[in-house]
1. With only Lys, Arg, Asp and Glu charged, each at its Cβ (+1 for the first two, -1 for the last two), find how big the charge dipole of the chain is about the Cα centre; round to the nearest 20 debye.
2. Cα centroid distance between the range 62-138 and the range 272-323, in Å?
3. At a temperature of 4 °C and a viscosity of 1.567 mPa s, determine how fast the range 407-448 diffuses translationally according to Stokes-Einstein, using the Kirkwood radius over alpha-carbon pairs as Rh; express D in µm²/s, rounded to the nearest whole number.
4. Quick check on the chain: take the gyration tensor over C-alpha atoms, sort the square-rooted eigenvalues as a ≥ b ≥ c, and tell me if it's rounded (a/c under 1.5), prolate or oblate.
5. Taking amide H atoms as placed 1.01 Å from N in the peptide plane, list the residues 5 or more away in sequence, or in a different chain, whose amide H sits under 5 Å from that of MET55.
6. Could you give me the ³J(HN,Hα) list for the range 265-281, computed from phi with Karplus coefficients 6.51, -1.76, 1.60 and θ = phi - 60°, whole Hz, x at Gly and Pro?
7. Given axes a ≥ b ≥ c from the Cα gyration tensor, I'd like to know whether the range 3-128 is rounded (a/c under 1.5), prolate (a/b larger than b/c) or oblate.
8. In whole Hz and in residue order, list the ³J(HN,Hα) couplings for the range 216-223 that follow from phi through the Karplus curve 6.51 cos²θ - 1.76 cosθ + 1.60, θ = phi - 60°; x for Gly and Pro.
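Nothing in this text is a laboratory measurement; each read-out follows from the coordinates by a stated rule. This one's a predicted model, so the numbers in the text were calculated from it and none came from an experiment. Cβ sites come from the backbone with ideal geometry, for glycine too, and all protein chains shown count toward neighbours.
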Amino acid sequence: MATILIADDEKNIRSGLELAFEDEGYTTLGASDGKEALELINKNSVDLVITDLRMPGMDGYELIKRVASAYPTLPVIVLTGHGTIETAVETMRDGAIDFFTKPVDIDKLLLVVRKSIAASSLAEQNRKLSEEIDKLRKQQGYGRIIGKSGKISELMQTINQVASTRATVLVTGESGTGKELVADAIESLSDRHGKPFVKVHCASLSPTLLEDELFGHEKGAFTGAVAQKKGRFELADTGTLFLDEIGEIDAATQVKLLRVLQERQFERVGGEKTITVDVRVICATNRDLQEEVKAGRFREDLYYRLNVVHITVPPLRERKEDIELLSQDFLRTFNSEDGRKIEGFTPQARKALFSYSWPGNVRELRNSIEAAVVLCRTRVIDVDDLPSQIRERAAESSVTLALPITLDEAERRLIEDTIAFCGGNKTKAADLLGIGRKTLHRKLSEYSGKEE
């Protein structure tokens with residue numbers, strides 16, 4: 001649980017509050033004045049401060065200002081026996097989040113403390129995630145591929161290594177993994193960046209239209225060809241051409257494409273003039289082209305021409321450690337686009353996102369976060385704000401315990417199951433459980449009978 005620091009020069013009040021919060025499971029620290037409180041804050045991990053105003057030495061007013069300056073996300077609650085409206089306004093202006101007068105209603109104070117700690121923890125988590133995203137973008141040199149997993153690190157290393165060459169690249173992966181982003185990254189990091197970057201989505205065009213799009217046509221080549229038209233290869237000269245869903249092209253177009261890749265030459269439809277181009281080609285497909293070759297639907301010689309450098313984009317289920325960063329980045333995007341101020345995700349929502357298998361990959365995650373931002377009625381996205389398929393999977397994966405069982409044993413099983421769910425990552429497990437990492441280690445030490 002969280003640590004609360006109580007600053008009050010009246011020992012009885014301080015001790016009473018400490019007992020009340022410890023009964024609720026909080027760890028407490030006590031200080032008799034502002035100076036002692038500030039020293040404790042500097043030396044310990046404190047989640048919330050409750051302070052009196054009138055204390056010897058450094059008073060509560062000065063403490064609030066010092067905390068607001070040095071620890072802007074640390075919530076401070078004022079508890080004083082000398083409260084006035086003017087005093088409340090002044091302390092709130094200086095950084096306090098709430099104001100109580102003595103004698104205090106402990107239940108109301110506990111409610112504010114719980115909400116404040118949850119909000120502060122969420123704000124701190126969002127800040128750290130945002131900093132991590134920005135740091136990753138600077139390190140990778142390309143800002144639209146987000147991830148810290150080993151698979152994404154390897155992917156970015158390959159992209160950086162390949163980008164500076166003119167080698168043809170084949171990008172494969174399931175639908176929604178971000179194959180087009182890989183093509184964008186290669187072009188962005190290459191020395192051809194700033195020159196033509198032309199994209200063709202092959203699956204959206206019929207064979208006749210695709211040939212016309214790729215190679216262009218001469219005036220009068222067919223009915224309706226009232227003027228000469230340059231094809232995408234010609235338009236991409238000196239630059240890069242991205243052919244998405246390359247596995248969908250017909251046999252005749254495959255032959256022409258093979259010639260362009262081999263000789264860098266072609267003729268427009270209905271034309272006789274040979275056109276030479278300097279184009280770097282990147283292709284993508286969600287099909288297994290080797291199987292397509294075996295089935296006779298894709299030319300083997302074209303496959304080897306395309307498969308000079310092969311990059312496979314991993315599905316999201318194989319890089320689940322990236323889900324939190326991706327979700328935070330999408331949240332920032334849709335907050336900005338939709339004018340919302342959603343602050344983050346509850347631990348339960350994060351766990352639901354983590355436990356889902358994501359058959360639609362990053363595209364499905366993006367769409368899910370967009371829907372949650374639109375439908376969320378509070379400042380934090382909870383499980384109920386997520387799409388139904390994610391909620392259902394979260395309910396199925398909930399930990400079930402065989403009764404009868406003691407509370408201590410239930411807690412132990414929940415902690416151990418969550419650590420296993422997180423692949424042994426205790427920091428992630430503590431985050432999903434909503435407890436501090438030190439608390440998690442202490443409980444594990446109690447279970448094992450030795451220090452972790």
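1. I would put it at about 1280 debye.
2. The two parts, judged by their Cα centres, are 54 Å apart.
3. On the way: Rh = 10.0 Å.
The diffusion coefficient I find is 129 µm²/s.
4. Because a/c hits 1.5 or more and a/b exceeds b/c, the chain counts as prolate.
5. GLY60
6. So the Karplus estimates, Gly and Pro as x, are 9, 6, 10, 5, 4, x, x, 10, 6, 7, 10, 9, 10, 10, 10, 8, 9 Hz.
7. rounded
8. x, 8, 8, 4, x, 5, 7, 4
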